[in-house]
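Notes to accompany the following structure.
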Amino acid sequence: MTRYALRRLLMTIPVLLGLSVIVFLIMSLIPGDPAQAILGSYATPENLERLRADLGLDLPLPQQYLVWLGNILQGDLGRSFTLNRPVLDEVLERFGATLILAGTSLVLCVLVGVAAGIVSAVRQYGWSDRLITLLVLIGISVPAFWLGMLMIMTFAVGLRWFPASGMTAAYGGGGWLDILHHLVLPAIALAVVAAGVIARLTRSNMLEVLRQDYIRTARAKGLDEGRVVLRHAFKVALVNLIPVIGVQAGFVIGGAVYIETVFQWPGIGRMLVNAISTRDILLVQGGVLVVAASYVFFNLCADLLQHWLDPRIKA
Amino acid sequence: MMAFLRLLARNRLAAFGGIVLLLLLLLALITPWLPLLDPDVTDPANRLQTPFSAGHPLGTDALGRDILSRLLWGTRVSLAVGIAASLVAALVGSLIGIVAGYFGGRTDNLLMRGIDMLMAFPYILLALAIVAVLGPGLMNALYAIAIVNIPFFARNIRGVTVGIAHREFIDAARLSGKGNLRILSSEILPNVLPIIVVTLSTTVGWMILETAGLSFLGLGAQPPQADLGSMLGEGRRMMINAPHVAMLPGLAIFILVMSINLLGDGVRDALDPRLKSGALSRPAPITRIRRGAAPPGDGRQGRADGLLAVDDLRTDFEVGRTTYHAVNGVSFAIGANECLGLVGESGSGKSVTALSLMGLVASPPGVITGGRVWLGGRDLLALPPRGIRRLRGREVAYVFQDPLSTLHPLIRVGDQLVEAIRQHQPLSRPAARELAVSLLDRVRIPNAQRRADQYPHELSGGMRQRVGIAMALANDPELIIADEPTTALDVTVQAQILALIQRLRTEKGTSVLFITHDFGVVSQICDRVAVMYAGRIVEIGPTAEILETPRHPYTRRLIDCVPRLGEPDNEPEAIPGLPPAADALPRGCAFADRCDLVEPACRQGEIELIATDAERRVRCIKPLGIPTAASQGESR
């Protein structure tokens, strides 16, 4: 296991390098003068000149990349001209808020999706299966940003149960209960789509597993059905579902862009959208890089978990 | 193609989705000719009119523009952009997938590593990065969404192409001198096209949603151009005062995407052959039992016959509108400590018979339609599910054919045994574990303590089957049903397993129902043997007598199939022809078509099992070696 973990960890290095190349290439494709793009249209000629030298813009592209990569490895993602602060500080701060939101959503959608999928499979063609199938269909078809707005109208404006926006109350807020209170609506809105996808795949996976010979063996032993479904069938289905959950984590992080905008959540998605409209290129680049890199590590963890749960692939 | 459309139409939800989508498409197409107000003409005096107001059936937005008109024009734009993005992604992605899958090697490696890179980004994030470079705008949003969806197509299509590229007909095409381009277009493309269609139909809804999302964020359609997403984004600002401005475009996106998803699911189901056959049905915990009003026979008769008595058992498989009669009125009995062999070709119904006894036939499609199974004076088929479950493993235990697929792959074999023990005995975990190890020891697994902590895939085939037997023994059952326990094993291991079963029988006094297709195995272990053909017993009696003088022509052919040691010239002779289809059993003797002694009377009517010798019965009007048996026989 340790050896596999190490090998798998080493394998992420080329992936991360690849990511950095893509991000670098995308950013260097921006038409016009990159220094101008990075510093914005009000930059002084001296600052532009200094930045060109810093970025090595007179060098050929591969060398530019190396300079850029060297800066990043030292934790220097540049400075945001709109916020006038280091990109890394801003990105890490915003990413924390996104992690709270996306992490809660991911837990929520896995719990709800898996439970719904199991019920749906066990009661195949029953009324609860039909109901869940319908809800899943609605869940994966509904625009998350629209659902978020509906929820604000209903539960924040109408019923006044939850706040409509932000992460903490403006006055006297900031405790974890306060955050939790603010978290309910956006976390649910963000979880809906992924929960639908996970429920659907859990159902088909469980149906596939429940047909296997070893399930018949479990039944022939006289085990009660709950044990057959949860211990014998779900154990195998879970192993198959872990990569699915990994993929869904990507969708949840992506979907956070919409939800953060709707709920004014101070996360990295909203930061990126703002940065794109203000053409704050370094901020976009830093945000994309950090989120993508953490997603790579999340998938690494999912891989290791699957490996640990399935003794067959240890050999 | 027609079959595909018919399948699609039969799926009511998909048909509904298709009709809604068709209407929306039609509406989008004729929008320019509809008597609508200009979607871009502002009218500040009439801003934020509510729906159903004069001249504006759906009200107006913040600039006084007519929402109905904007909605229709916006749907047009959203549909066009979503479909265009899907087509671009499908085209580029499929091309990459086909090339990578067909050429393989370094081309494949290079292309797929690139695709992996794209997939390492969280979906929307990459789209955002692309829009950041290209700048906000509808066309740029289209490119961004198309690019992030390329990997789905590339991976799906590559997988299918790899499968096809190594098939014989591709080799044949290559040998006949066709160029790569011709093979790709004439051989590969037609075969991957369904997969492209399925992937397309399941992703187009997503892409419409995502382009709408970019517009919602202000990164797609720029004013005055509007799609549904940007209308929703503009409406967000007046969400509280005039909710309809945002709600209506959102509802439109929802209906659009939902109809596409309904249709897409239908397309996928219609093109996925596995779903067509209904194979993905979940087997119920216990076989469905649907017996007629008064099954023949009474309780006493069953008890008199010994441990287990099966009386006129009937099991069908109902697949679609066809009913296959797998077990067609089977009766037999097993005495205490007796070993009965159940012999027949594959498809003769012997396994289904065995699984029916404890309600283990997969259902759907299996249904027990008649008969009784007596065990210790109880009719098992009349018991509630809980009652049967309590007997499973405790009084009747199974040993299955392929121990690799019948043991749970992710649970240590020791734990699988512990579980079987604790289900029926009130033992603590350590005590059950101790018993489990001693069971492994008893079935001669060396180093049982250590083996108990291993997973099935770490054991050899023979070892796994010993585990299967140990599991069957866990609760000292009265009857062990062994369903071809040695078929998947090689000959020496086979002999060891048979010896093991034999030994346990003498030690424990257990009865055994031994299912096999091999008369050689029967001769080694069974006291009596029942020969099955087309779901019925055609001959039953003591093993030695049947081996010596088979009465049914089918039995004789089966025995002739066993190669004899030391007689190399005695080539085992296959039985010509095939058993009759189980959904169309002939009148009279089911073996008639393959029998070389057939005569017209064989096909005229039901043939009963008749007693030929003291302990033997045969279902034949002209039993071998008995000239006038037909007239003397009594039924059953």
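Computed from the coordinates by the stated procedures, all read-outs in this text should not be read as laboratory data. All values derive from a computational prediction rather than experimental measurement. Cβ coordinates were reconstructed from backbone atoms using ideal geometry, including for glycine residues, and neighbour counts include every protein chain displayed.
General observations
- Surrounding net charge for B:Arg290, when Lys and Arg each add one and Asp and Glu each subtract one, Cβ distance under 11 Å: +1
- Restricting the calculation to Cα atoms, every distinct pair contributes to the Kirkwood radius of segment B:1-49, found to be 14.1 Å.
- Over segment B:67-276, relative contact order from alpha-carbon pairs under 8 Å, at least 6 apart, %: 28
- Whole-Hz couplings from phi, Karplus 6.51/-1.76/1.60, listed for segment B:70-84; x for Gly and Pro: 5, 4, 5, 5, x, 4, 4, 5, 4, 4, 4, 5, x, 5, 4
- Rounded FRET efficiency, nearest 0.05, which uses the C-beta distance separating A:Leu92 from B:Leu110 and R0 of 41 Å: 0.70
- Between A:Ala5 and B:Leu547, the modelled labels are 5.9 nm apart [label points 7 Å from Cα along Cα→Cβ].
- 3J(HN,Hα) along segment B:43-52, derived from phi through the Karplus expression 6.51 cos²θ - 1.76 cosθ + 1.60 where θ = phi - 60°, amounts to 8, x, 5, 10, 6, 6, 5, 7, x, 6 Hz, with x in place of Gly and Pro.
- When the Cα atoms of segment B:12-79 are aligned to their principal axes, the ranges along those axes come out at 46, 21, 19 Å in descending order.
- Cβ-derived FRET efficiency at R0 22 Å, B:Leu37 paired with B:Asn241, nearest 0.05: 0.50
- Put simply, segment B:142-208 fits an ellipsoid with semi-axes of 29, 11, 9 Å; these come from the alpha carbon gyration tensor as the roots of five times its eigenvalues, largest first.
- Working from label points 7 Å from Cα in the Cα-to-Cβ sense, the B:Arg12 to B:Gln604 distance is 5.2 nm.
- Counting only DSSP H runs of at least 4 residues, each contributing -39500 (n - 2.57), and dividing by the residue count of chain A, the helix-based mean residue ellipticity at 222 nm comes to -24500 deg cm²/dmol.
- Legend: calculated FRET efficiency, B:Ala499 to B:Arg291, from the Cβ-Cβ distance at R0 = 51 Å, rounded to 0.05, equals 0.80.
- For the protein assembly as shown, the fraction of alpha-carbon pairs in successive 20 Å shells from zero, as %: 12, 34, 30, 18, 6, 0
- Stokes-Einstein translational diffusion, segment B:67-276 - Kirkwood Rh over all Cα pairs, 1.567 mPa s, 4 °C, in µm²/s: 70
- Radius ratio Rg over Rh of chain B, counting only Cα atoms, Kirkwood formula for Rh: 1.13
- If a spin label sat at a point 7 angstrom from the Cα of A:Thr82 along the line to its beta carbon, the backbone N atoms of segment B:185-219 nearer than 13 Å would be those of B:218-219.
- In terms of distances greater than 32 angstrom between alpha carbons, the cross-link table entries A:Lys221/B:Lys622; B:Lys350/B:Lys508; A:Lys235/B:Lys508 yield A:Lys221/B:Lys622; A:Lys235/B:Lys508.
- Highest-fluctuation residue, A:Gln64, A:Gln248, A:Gln285 considered, GNM on chain A with Cα pairs under 10 Å: A:Gln64
- When only the Cβ of Lys, Arg, Asp and Glu is charged (+1, +1, -1, -1), the dipole of chain A relative to its Cα centre reaches about 1520 debye.
- Inter-part distance where segment B:217-255 and segment B:1-57 are each reduced to a Cα centre, Å: 16
- Phi-based couplings in Hz for segment A:56-66 (Karplus 6.51, -1.76, 1.60; Gly and Pro marked x): x, 5, 7, 7, x, 3, x, 5, 4, 4, 5
- Evaluated at q = 0.13, 0.15, 0.18, 0.23 Å⁻¹, the base-10 log of the normalised Debye intensity for segment A:171-261, with identical point scatterers placed on the Cα atoms, takes the values -0.62, -0.71, -0.84, -1.06.
- Computed from label points 7 Å out along Cα-Cβ, the spacing between B:Ser185 and B:Ala611 is 7.9 nm.
- Segment B:82-160: C-alpha pair distances exceeding 16 Å, %: 50
- Its Cα gyration tensor gives segment B:159-275 an equivalent ellipsoid. The semi-axes, each the square root of 5 times an eigenvalue, are 45, 16, 8 Å from largest down.
- Check: chain B dipole with +1 on Lys, Arg Cβ and -1 on Asp, Glu Cβ, in debye: 1060
- Set of aspartates and glutamates with alpha-carbon distance to B:Lys178 below 13 Å, sequence-local pairs under 8 removed: B:Glu187
- Legend: P(r) of segment B:478-569 from all alpha carbon pair distances, 5 Å bins from 0, whole percents, reading 3, 12, 22, 24, 20, 13, 5, 1, 0.
- For chain B, calculated [θ]222 nm from helices alone, where every DSSP H run of n ≥ 4 adds -39500 (n - 2.57): -15500 deg cm²/dmol
- Relative intensity, log₁₀ I(q)/I(0), of segment A:1-135 from a Debye sum that treats every alpha carbon as a point, q = 0.13, 0.16, 0.21, 0.22 Å⁻¹: -0.80, -0.97, -1.28, -1.33
- Translational diffusion of chain A, estimated by Stokes-Einstein from the Kirkwood radius over alpha carbon pairs at 4 °C in a medium of 1.567 mPa s, is 58 µm² per second.
- In segment B:374-429, the alpha-carbon atoms span a convex hull of 110 Å³ per residue.
- Viscosity 1.306 mPa s, temperature 10 °C, Stokes-Einstein D of segment A:97-154 from Kirkwood C-alpha radius, µm²/s: 123
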